[in-house]
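To keep things clear, I will list the structure first and then write my remarks on it.
The values are calculated or read from the model by the stated rules, or taken from the named source; none is laboratory data. What you see is a predicted model, and the numbers here were worked out from it, not measured in a lab. Every residue, glycine among them, receives a Cβ derived from its backbone with ideal geometry; neighbour counts consider all protein chains shown.
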Ligand code: HEM
């Protein structure tokens, strides 16, 4: 085994039961189909061998099982497989251009080239490993990380402005109405950033971390992966005002939602599709309590399923606005189309959810119906809309940097 390879396997050593830190084998997602089939175009830790031995179109597919990642013994098994494969490739005995191994309930991880392939080849592996670890400890974290990316991108583009801490002389976005006591996941991003700064200083932006972590969160919840575009810069400032203005409120009607999205160049369809992120995660009673008493604050609950209404009234009866309800009552942690199924039966949690199916807009209703009829259409569209949202640029002329610490500018 060459020095580089040995170092590569050395990089896998934290992948033990020692702590929260374990490396996955590096990957970028490219979905092949809806049942978690991903192809590995590049195996980052074995890049020295693979780049020599593989032809341009050769695909190595290695299944990776998330359930294995916490297990030292099974991790060792995977390492042995990798060694075996690298030896096979190194000796020129490549018999197949597609290699698939399924580890238990097989989540297949895709590896491909990206912006950081040369400058920080471990970047995506490090990010995935922290996200995977955080989600295994707290399943809701997948939703929280996904939302973090949304709240970043909707405020002057995807530039990690949402991550900046307030200081005595600076008021950032964390205390804006939609974010305060609501956004989560900052510590996960801190951990990722610290690891990346150790592996490749000032190379991977916090905004790219948010985008990759959002993708990984979707994948870990059962959604499709996609290849994340990278190269975002981190902002030098933040805007609490824009956070308050741009991020739609939970009692918004369709017209307001459409306007909010269109102001940023996202379509009505993007709005309905991205709202499907509410297939995972939770909301505080405070965000929907106005629905629980009919026409309180002008918000009607006439479209609400009666059983659902009563269960929420009970849940929130303690007058504790921080009590949490699942955004998708049917499959709260799985990234699927049940959010839309719920809407058709009057079980949308937020007003802004329910109006997509029972509001006054035929277009949103039709898209909801399409996603109910065709679950894979939703998964595919979601991927595309996330790519659009993830590429929202900061205003022209804004300078950026690669922050060392995501909470402060350099
Ligand atoms: C369409 C307009 C949207 C509105 C009005 C809205 C509103 C909300 C509200 C009020 C919450 C609950 C927050 C809390 O209780 O603290 C929430 C949660 C969430 N939102 Fe949205 N949202 C919208 C769009 C989106 C989009 C586009 C995404 C992502 C692509 C997203 C992802 C999430 C996720 C995953 C959660 C759960 C977070 C967690 O459990 O920590 N939302 N949203």
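Scan the range 191-200 and tell me whether some residue there is in a loop (DSSP other than H, G, I, E, B) and touching a strand residue (DSSP E or B) at 6+ places or on another chain (Cβ under 8 Å).
Residues of the range 191-200 that are in a loop (DSSP other than H, G, I, E, B), as a first pass: 200.
If we keep only those that are touching a strand residue (DSSP E or B) at 6+ places or on another chain (Cβ under 8 Å) as well, we get none.
There is no residue in the range 191-200 that is in a loop (DSSP other than H, G, I, E, B) and touching a strand residue (DSSP E or B) at 6+ places or on another chain (Cβ under 8 Å).
Kindly indicate whether any position in the range 311-319 is touching a strand residue (DSSP E or B) at 6+ places or on another chain (Cβ under 7 Å) and modelled with pLDDT of 95 or more.
Initially, the range 311-319 is screened for residues touching a strand residue (DSSP E or B) at 6+ places or on another chain (Cβ under 7 Å), giving 312, 315.
Among the residues that remain, those that are also modelled with pLDDT of 95 or more are: 312, 315.
There is at least one residue in the range 311-319 that is touching a strand residue (DSSP E or B) at 6+ places or on another chain (Cβ under 7 Å) and modelled with pLDDT of 95 or more.
Would the range 166-181 turn up any residue that is touching a strand residue (DSSP E or B) at 6+ places or on another chain (Cβ under 8 Å) and more than 16 Å from the ligand (Cβ to nearest atom)?
Looking through the range 166-181, none of the residues is touching a strand residue (DSSP E or B) at 6+ places or on another chain (Cβ under 8 Å) and more than 16 Å from the ligand (Cβ to nearest atom).
A quick yes/no check of all residues on (1) more than 25 Å from residue 329 (Cα to Cα); (2) near the ligand (Cβ under 6 Å from one of its atoms):
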{"residue": "245", "(1), (2)": "yes, no"}
{"residue": "257", "(1), (2)": "no, yes"}
{"residue": "264", "(1), (2)": "yes, no"}
{"residue": "283", "(1), (2)": "no, yes"}
{"residue": "289", "(1), (2)": "no, no"}
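With respect to residue 145, determine if the residue is at negative phi, free of Cβ contacts under 8 Å to residues at least 60 places away in the same chain and within 12 Å of the ligand (Cβ to nearest atom). First the steps, then the outcome.
Working: at negative phi: yes; free of Cβ contacts under 8 Å to residues at least 60 places away in the same chain: no; within 12 Å of the ligand (Cβ to nearest atom): yes.
The answer is no for residue 145.
Could you identify the single residue in 376, 352, 311 that is in the same structural domain as residue 284 (by TED's automatic domain parsing) and more than 16 Å from residue 283 (Cβ to Cβ)? Outline the logic, then answer.
On the way: 352 fails: more than 16 Å from residue 283 (Cβ to Cβ); 311 fails: more than 16 Å from residue 283 (Cβ to Cβ).
When all the criteria are applied, what remains is 376.
Any chance the range 222-235 includes a residue that's outside any loop (DSSP other than H, G, I, E, B), touching a helix residue (DSSP H, G or I) at 6+ places or on another chain (Cβ under 7 Å) and under 19 Å from residue 135 (Cβ atoms)? Walk me through how you get there before you give the answer.
First, pick out the residues of the range 222-235 that are outside any loop (DSSP other than H, G, I, E, B): 234.
Filter again for touching a helix residue (DSSP H, G or I) at 6+ places or on another chain (Cβ under 7 Å), leaving 234.
So of that shortlist, the ones also under 19 Å from residue 135 (Cβ atoms) come out as none.
No, there is no match, as no residue in the range 222-235 is outside any loop (DSSP other than H, G, I, E, B), touching a helix residue (DSSP H, G or I) at 6+ places or on another chain (Cβ under 7 Å) and under 19 Å from residue 135 (Cβ atoms).
Residues are listed down the side, and each one gets a yes or a no for (1) at pLDDT 95 or above; (2) away from the ligand (no atom under 13 Å from the Cβ); (3) within 13 Å of the chain's Cα centre (by Cα):
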residue	(1), (2), (3)
115	no, yes, no
123	yes, yes, no
134	yes, no, yes
140	yes, no, yes
163	yes, yes, no
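Being under 21 Å from the mean Cα position of the chain (by Cα) and within 13 Å of the ligand (Cβ to nearest atom) is the requirement here; does residue 218 meet it?
yes
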